[in-house]
Structure formats: structure tokens, C-alpha cells
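Right, one structure below, let's go through it.
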Amino acid sequence: KLKLNKFKMLPVTVEFSGGAELLCGNVKKHDVDLPGQQNKWQIRNLLVWIKDNLIQERPELFLLGDTVRPGILVLINDADWELMGELDYELQEKDRIVFISTLHGG
Amino acid sequence: KLKLNKFKMLPVTVEFSGGAELLCGNVKKHDVDLPGQQNKWQIRNLLVWIKDNLIQERPELFLLGDTVRPGILVLINDADWELMGELDYELQEKDRIVFISTLHGG
Amino acid sequence: NLGPVANLTKGDIERYSRQLILPEFGVKGQVKLQSTSVLIVGAGGLGCPAAVYLAAAGIGRLGVVDYDEVELSNLHRQILHTSDRVGLSKSLSIVRSCYRLNSNVEYVPYHLQLSSENALGIIKQYDIVLDATDNVATRYLLNDACVLAQKPLVSGSALRFEGQLTVYNNNGGPCYRCLFPQPPPPESVTNCSEGGVIGVVPGIIGSMQALEAIKIASGIGSSYNQRMLLFDALDGTFRSVKLRPRSPACIVCGNDPSITQLVDYVQFCGSAASDKDQELSVL
Amino acid sequence: NLGPVANLTKGDIERYSRQLILPEFGVKGQVKLQSTSVLIVGAGGLGCPAAVYLAAAGIGRLGVVDYDEVELSNLHRQILHTSDRVGLSKSLSIVRSCYRLNSNVEYVPYHLQLSSENALGIIKQYDIVLDATDNVATRYLLNDACVLAQKPLVSGSALRFEGQLTVYNNNGGPCYRCLFPQPPPPESVTNCSEGGVIGVVPGIIGSMQALEAIKIASGIGSSYNQRMLLFDALDGTFRSVKLRPRSPACIVCGNDPSITQLVDYVQFCGSAASDKDQELSVL
Ligand SMILES: [Zn+2]
Ligand SMILES: [Zn+2]
């Protein structure tokens, strides 16, 4: 029997670059529908969802505790997440969240 | 006595680059409110409005007849105007129209 | 697993190791690159970085066309020339500098002006052509020759603080004439001698030309078919815009072309193929 | 009207004529450029294009720091070195190539490893610093030294098909530690030896570093204070993103800094300042 979710799904785009995409089967761009839920989706929930649904290997290179590991820059619609409330930011429809592993080569 | 215009103004962004900005006092970006009118604003009307309101010198290097002179590429929201209907395209609020003089130097 | 190495020498493997280990490129990409020939037309601000990065990457054959000699006023942007080569052929100067970096590449300097008479004969010997020229007439000539010879044309240009890049005549994208059926009025055309240019702007655009040529040669494919990159160095912005597809009505690449051999481009454009003799103009 | 020419020789005016005629740059910009000194740390894939375009434009003094010697595997991207210089000091090799292009620049090659002991003494002698290094420890060292010496740091990096660029410690923007208070786990760090890189990618980023340094030096100002450029060469896209401002709580550039002299960066990062000796890692 189908279990219907009475809350609306939330479509967002999740992108990985700078090498972080290698943790997700080398796929850079993911258009995803986050399952509907009673509370607003915050970045802190998204991180867990990504770990469970997109990360295919070595999750410790993505998450450290409840936040991203040092050296990953998070962008919310092309702005540093620190300008947007970091973990507390409430996701909106069509938001684009980017996880960039900083490069050090030259 | 104020003459009120019963039609809504249309805010659009007009940009010039590749040297075309030199015809407009070297200003690249112009946020303008096109005066309200009964008919829809088309690119063909915009060209005349630009010639009368933004171009400060040598209008023959912008317009040739009723269209832009050869060598100027017109973009409507980052797409070649040929994909959008060229002169017939009907302007929408917040549209960004760019006039690029193509470069030949190396 | 890097794939077959049959065509790579031990020296090649060491020299190119940092690109061989890229899965998207790999030995397969390297072998393709080494069997590809690229012609660069224009040994100036765009041609220098394009040539050196293609040579470094190990392109098979690199032809460089320029009729001009090195001048002191070139050296603020044309980084493969040197002060003691002022007066020397530019195409030869580029080849000398690239040879010192990588002697495995086959270099062919052409000290001549590309013309309706010689263009097809030269272009036919190459797989990919780079437009690194500085004038309208040669740009139309090169376009028509690439359409007739069925070669992709990686086109770059730069002036003042701006640069533009696209790939013509490739994968259903437009040719230069599809976009610009009529040449610009001569008084609207500015070259680097008159208008000036920050040297590193053609540096960046020429490097992008090398990148797109490497992507085409290695089988990755170009990102700039039917797209154009616009670079503004003053505000540091890059914008990528979508272009029209190939026009069926185009007089050279269309379904019923009226141009089936090269014509007189100086007459067509009303201007000579030189960046030196024109009068000062506004833009 | 080009303004005062008192500080420019007749040779300068000819050599730099194409940038002197740009109103946004002009004689004023040239004179400022010629009285500016730039230190490039790292004579590799980023340092080569950065050095050659700064030299071509006529920067006053150019220092180049690298402890390493030229290797054959460098030459697919490090375009100022040559095959016959394998084994020679990289900083010296860059200086030799730039000198042939423009001998008016004062060149200072430093054949040494930048360290907590020598960094401040060197950096204090320059106006602008370019981070063209290849490892995390040196990036933190360079950041802290630039904060302590109050110098803008034009930072570039490249790996595989990607590049990043920003300017730290300039005009209210963040420093490297504001953005990354903690170093990445060593097993998450990949360098060009392990991960590979398409040579022209550092070419484009290093050229952008030269451009931003020229804009800072000439008074135009940088477009990358509190902004970062992200370049993806595979799909040919550039993205510019907004960064946080300087953090008042930053331990080096904040209001009450706890780092007031250089520390041990190898210990801090858990990795050595070399791109050679690390084990293979995933990203
Ligand atoms: Zn065509
Ligand atoms: Zn800080």
C-alpha cells in the first residue's frame, strides 16, 4: 500500500566540485527532491540527507560531526553560507547548494 | 500640471560592451524604466528609445536603418536575440538586453 | 588502469604524466592529441599563450602563420617573443620558444600573410584552426576557408579590457558569417594598436583557445559550440551566452551556399588585413 | 592627454604603448606599476604565467620563491622552463625567461623553501604577494605572513580540470584563516602530482593572478576582494561567488589575534610542504 506523504517535496540542486564530487560517484550536479516534512528543511538536515543519499564512499571526507569537514566551502545560491546563516539556513525551492573542496595544487 | 501616464513603466537593464559603451559616455550598465505605453515594448521600439536617450555620439555606429549595425551582437537574457524573435521580441520586466560590439584584436 | 601505452615513449610518459593520470584525458587523450595538428593564425597576443600551452600538452603538429616581425610594442603582451628578437619573424620566434619547451612537437612556421590564394592549401593540412588574428578581413577569410575545408575554428579576440571566445563551424554551431552576415563598417573597427589592450587579457583568451583545442583534439569536445564567452577584465567577470545554431540560409555554410571558393576579403570588408595603417576610430 | 611622462623613458613609452593608451590605466597606471614590487611564491604551473605577464606589463620588482628544480614532468604546464633546464633552480629558470622578455624589471630569484623563519623578512620587501604554491602548509604560512606584514595575497590554485582564485587580506575581505580556520584532514588533500592537472588550467588561473595584481598595483583595484572565482575547464564555466568578510574572531586577522608571529605550519596541517612525498588519496 502506498504511504502518502502529506507534505510537499522540496526541489533543490546540490552540486559538488573541487574533488568533493569524487565522493558521489564523480557526479557534480544532483537535482533532488527532498522528501516533504513538517519542519522546514535546514542545511543541517540536508547534510545528513546528502550523507545518506548521495555520498558513496568515505563520508568522513564530507562530514565531521554535524557539519562539513574543514576545507569544504559551502555556497548557497553563489554566496558563502556564512552570510546566510550556515547550518540554520532554511532551504527554499530551487535553491542551489554547492560544496566545494578547496584546491591546493599549482 | 503633471501629465500622468496611465500605463505602467517597464524596468529593464540595458548593457553595452566590446566598445559599444563608448557611444554612451563609457557607461556599461543602464537600469532604465521604459515609459508606459499601450502596446507592448518590442526590441524594435527599444532600439529607437536607446538612440534617443542613451546614445551620446555617432548613432550611426549603433543603428543602421531600423536595426543594429553589422558587428553588434544583441543578447536577450544571455541568449542571442535570433533565438528570441529579434526585433519582434516583446520585452518583459527585468529583462537584460546586452549590445556587444564584437572584438577583432589579438 | 591507464589503457594502451603503445604510442607513448618512456619520455612521453614522464613528460605528460600529470595529464595522463586524469581519467577524462588519459593515455587515450594523449595519443589523440599527439596525432592532431593545429594551425594558429596570428602570432601575437592570442597566438603566444595558445601556442605554448598546445606545445606543452604535446600536440602532434603546430603550424603558426604570421607575416609580421617582432616589435618592441608587442612585448607587453606577446610573451613568447624576446627583446633580442625585435625584427625577427613572429612565427619563427614562437616556434623557437616552443621548441625549447617541447621538441617532440612538429613545428611549422609560416612567415606569410594568409590570403585567398594560400589559405585553403595550408588549412587543409590541419585538423583544428585557431583564429588569433587582429583584423576583420582575415577573420572572414579564415571562416570561409574553415567552412570549405570543414575544420573547426576556435576563435579568440581581445581589446582594451575585454575578450571574446567561441568555436565556429563545429557540431551544428554557427560559422562567423551565420552570426555576422555583413562586415562591420570600417570606422567602427578598432585594433589593439589604436584601442590598446591589457596584455594579460589576450593571455587568458589565448589560453582558453588552447584549452578548447585540447578538448576537441582529445575527444572531450568543446564547451563553446554555439556558445560565446565574454570576459571583462575590469570587473573580473566571465559570461557565457547562447548563440544561434548554423543558419540554413548562410551564404557559406548554409544548405545552398553561394560562396564555394574564397573571395576578396579586403574588398568585402572595406579594410586591409593589417592592424597598422588604419585611422583612429571611436570603437 | 596621457598625463605626466616624467618617469617613463622613450623605450618604456614604445614598449608599453598599447597599455598606456588605455584611459583606465594610462601613464599613471604604468608609473604605479613600475614602482610596485610583487613576490610570487611557487615557480610552477601558476607562477609561470603570473610571472611572465607581470614582467611583460613592466612591474617594478619581481621576486620568485621556489626551493625546487625543474623536472621533465613539470613541462606540460610550467611554460617558462625548458627541456635543457631540467635540474636547474625553478626560480632562476623563471627569472631567465622573463629577463629575455623584459630586462627593465628587477628580478630576485629565491632558491629556498619559504619557512616560518624566513617568510616575514622576504615578504616585507614586497607590496603584493601571489600564492602560487602547491600545498596546504605553505598556504597557511603565506596567509599568516601576509596578515602580519599587511600585504594583499592574490591566491590561485588548480587541480585536474578546476581552478580557484581569490584575494585575501585586502580591503575588508577575509584572510585564508577566516575562510578555513581549521586545515583540511591530510587524507583529503590532493596535489598535482597525485591528482593530475590539465596544464592550461593553472595557465588561466595564474594569468588571472597577474591581472588582479596589475589591477591592485595600478590603482584600479581587485575584483576579487571577498569574492572567489571558480573555473571548471571540462564544461568551460566560470562562476564568481561572494565570500564572508573579514572575521573579527579570526585568530590571525581578527580584532584580538592570538597568532602574532609565525608558527609551525607542518605541525598545524599534519603534512609537509611538498607535493612529492604524500600517499595517494581520494580527493
Ligand atoms: Zn554560416
Ligand atoms: Zn582572518
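Looking at the square roots a ≥ b ≥ c of the eigenvalues of the Cα gyration tensor of the protein assembly as shown, which shape do they give, rounded for a/c under 1.5, prolate if a/b is larger than b/c, or oblate?
On the way: a/c = 1.40, a/b = 1.11, b/c = 1.26.
It comes out rounded by the Cα gyration axes.
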In debye to the nearest 20, the charge dipole size for segment C:139-245, taken about the Cα centre with +1 at each Lys and Arg Cβ and -1 at each Asp and Glu Cβ, equals 400 debye
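Given charges of +1 on the Cβ of Lys and Arg and -1 on the Cβ of Asp and Glu, with all other atoms neutral, how large is the dipole of segment C:92-154 about its Cα centre, in debye to the nearest 20? Please list the in-between numbers first.
Numbers: 5 positive and 6 negative charges, 36 e Å.
So the dipole magnitude of segment C:92-154 works out to roughly 180 debye.
Under 8 Å for C-alpha pairs, at least 6 residues apart: give me the relative contact order for segment C:148-283, rounded to a whole percent.
Values: 217 pairs, mean separation 43.1, N = 136.
Reported as a whole number, the value is 32 percent.
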Once both label points are put 7 Å beyond Cα along the C-beta direction, the C:GLN182-D:VAL263 separation in nm becomes 6.7 nm
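Per the 1.4 Å probe, what fraction of the accessible area of segment D:185-280, in percent, lies on carbon and sulfur atoms? It would help to have the intermediate numbers written out before the result.
Numbers: 1730 of 3490 Å².
Looking at segment D:185-280 in its full context, I get 50 percent from C and S.
Over chain D, what is the relative contact order in whole percent, taking alpha-carbon pairs under 8 Å and six or more residues apart? Please list the in-between numbers first.
On the way: 594 pairs, mean separation 55.1, N = 283.
19 percent.
Report the calculated FRET efficiency for C:SER35 and C:ARG239 (r = Cβ-Cβ distance, R0 = 35 Å), to the nearest 0.05.
Details: r = 35 Å, r/R0 = 0.99.
Efficiency, from the Cβ-Cβ distance: 0.50.
For a quick check of your reading of the filter: which chymotrypsin sites (Phe, Trp or Tyr not before Pro) in segment A:1-67 sit in a DSSP loop and have no more than 16 other Cβ atoms within 10 Å? Don't skip to the answer; put the middle values down first.
Values: sites: A:PHE7, A:PHE16, A:TRP41, A:TRP49, A:PHE62; in loops: A:PHE7, A:TRP41, A:PHE62.
Here the chymotrypsin sites (Phe, Trp or Tyr not before Pro) that fit, given the DSSP loop and packing criteria, are A:PHE7.
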Here the net charge surrounding C:ASP127, from other residues whose Cβ is less than 14 Å away from its Cβ (Lys, Arg +1; Asp, Glu -1), is +3
Between C:ALA249 and B:GLN42, the FRET efficiency computed from the C-beta separation at R0 = 25 Å comes out, to the nearest 0.05, as 0.65
On protein heavy atoms with a 1.4 Å probe, the accessible surface that disappears when B meets C, both sides summed and given to 100 Å², is 2900 Å²
Nearest-0.05 FRET efficiency for D:SER116 and B:MET9 at R0 = 45 Å, using Cβ-Cβ distance, is 0.15
Out of C:SER222, C:ILE204, C:VAL167 - ranked by how far each Cα lies towards the positive end of the dipole of segment C:162-283, with unit charges on the beta-carbon of charged residues - the top one is C:SER222
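Order D:ARG85, B:ARG58 by their accessible area, 1.4 angstrom probe, all chains in place, largest first. Please list the in-between numbers first.
Details: D:ARG85 20, B:ARG58 75 Å².
Heavy-atom accessible area, descending, gives B:ARG58, D:ARG85.
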per DSSP, antiparallel bridges as share of beta bridges in chain C, % nearest 5, sits at 50 percent
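Give, as a single signed number, the net charge of other residues whose beta carbon lies under 12 Å from the beta carbon of C:ALA233, with Lys and Arg counted +1 and Asp and Glu -1.
Details: positive: C:ARG160, D:LYS215; negative: C:GLU162, C:ASP232, C:ASP235, D:GLU24, D:GLU212.
Local charge sum for C:ALA233: -3.
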Along the dipole axis of chain A (charges at Cβ: +1 for Lys and Arg, -1 for Asp and Glu; origin at the Cα centre), the most positive-end residue among A:LEU34, A:PHE99, A:ILE55 is A:LEU34
Simple SL model, points at 7 angstrom along Cα→Cβ for B:TRP49 and B:ASP31; separation in nm is 1.6 nm
Probe 1.4 Å, heavy atoms of protein chains only: per residue, the accessible area of the protein assembly as shown in Å² is 38 Å²
Interface call, segment C:210-249: threshold 40 Å², probe 1.4 Å, accessible heavy-atom surface of protein chains, chain by itself vs complex, result C:LEU211, C:LEU234, C:GLY236, C:PHE238, C:ARG239, C:VAL241, C:LYS242, C:ARG244
homo-copy label distances at D:VAL108 (7 angstrom along Cα-Cβ), nm, one dp, ascending, are 4.8
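I need the shape label for segment D:154-227. Rule: rounded when a/c is under 1.5, else prolate if a/b > b/c, else oblate, with a, b, c from the alpha carbon gyration tensor.
Working: a/c = 3.72, a/b = 1.32, b/c = 2.82.
Cα axes put segment D:154-227 in the oblate bin.
Quick one: which of A:LYS8/A:LYS29; A:LYS6/A:LYS40; D:LYS10/D:LYS90; A:LYS29/C:LYS242; A:LYS28/D:LYS242 span more than 25 angstrom between C-alpha atoms? Let's see the in-between values first.
Numbers: A:LYS8/A:LYS29 22 Å; A:LYS6/A:LYS40 14 Å; D:LYS10/D:LYS90 33 Å; A:LYS29/C:LYS242 20 Å; A:LYS28/D:LYS242 20 Å.
Exceeds cut-off: D:LYS10/D:LYS90.
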Mean-square fluctuation maximum in Gaussian network of chain C, Cα pairs under 10 Å, restricted to C:LEU159, C:LEU130, C:LEU101, hits C:LEU101
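Tally Lys and Arg at +1 and Asp and Glu at -1 over the other residues with C-beta under 14 Å from the C-beta of C:PRO183: what net charge comes out?
On the way: positive: B:ARG69, C:ARG139, C:ARG177; negative: C:ASP144, C:GLU187, C:ASP264.
Overall, the nearby charge balance is 0.
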Out of C:CYS48, C:CYS175, C:CYS269, a Gaussian network model of chain C with alpha-carbon springs under 10 Å gives the largest mean-square fluctuation to C:CYS269
Per the charge dipole of the protein assembly as shown (beta-carbon charges, Lys/Arg positive, Asp/Glu negative, Cα centre), the residue among D:CYS269, C:VAL136, C:PRO257 reaching farthest to the positive end is C:PRO257
So, relative contact order of chain B in percent, Cα under 8 Å, 6 or more apart, is 37 percent
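Using a 1.4 Å probe on the protein heavy atoms, what percent of the accessible area of segment C:10-59 belongs to carbon and sulfur? Present the calculation step by step, with values, prior to reporting the outcome.
On the way: 710 of 1240 Å².
Carbon-and-sulfur percentage of accessible area, whole number: 57.
The values are calculated or read from the model by the stated rules, or taken from the named source; none is laboratory data. Keep in mind the model is a prediction, meaning the values are calculated, not measured. No Cβ is skipped: glycine too gets one built from the backbone with ideal geometry, and neighbour counts run over all protein chains shown. SASA here: full protein model, heavy atoms, side chains in, ligands and nucleic acids out. Shrake-Rupley method; radii C 1.70, N 1.55, O 1.52, S 1.80 Å.
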